[in-house]
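As structure tokens, the structure follows; a few thoughts come after it.
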């Protein structure tokens with residue numbers, strides 16, 4: 001006896017969630033890179049915020065996933081300082097959105 005195929009209503013959500021997480025990892029990496037750059041030159045914070053806003057398209061759900069990714073990485077000793085600055089940059093983008 002054959003099983004009915006999935007309706008399609010339950011399958012897209014996990015795929016969309018996986019894509020959101022993938023995009024969040026990319027943006028988190030970029031935020032960490034920008035955070036190091038901004039930490040050396042605070043005058044570049046506006047440029048960094050604008051770059052992150054453009055990359056995330058000010059999608060609040062994507063920003064939330066990105067912030068979660070950055071915070072998840074904070075437990076790693078080598079990444080603590082730069083992740084703190086990355087989280088601050090993401091907060092600035094979130095406030096502007």
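Kirkwood-type hydrodynamic radius, segment 24-78: 11.5 Å, calculated from all non-identical alpha-carbon pairs. Modelled spin-label separation between residue 19 and residue 54, with each label point placed 7 Å from Cα along the Cα-to-Cβ direction: 2.3 nm.
Need the full-extension length gain, residue 41 to residue 29, defined as separation in residues times 0.36 nm minus the C-alpha distance. One decimal, nm.
Numbers: separation 12, 0.36 × 12 = 4.32 nm, distance 1.88 nm.
Length gained between residue 41 and residue 29: 2.4 nm.
Every read-out reported here was derived from the displayed coordinates using simple, explicitly stated rules and does not represent laboratory data. Given the structure is predicted, the values throughout are model-derived calculations rather than measurements. With ideal geometry, Cβ positions are generated from the backbone for all residues, glycine too; neighbour counts draw on all protein chains shown.
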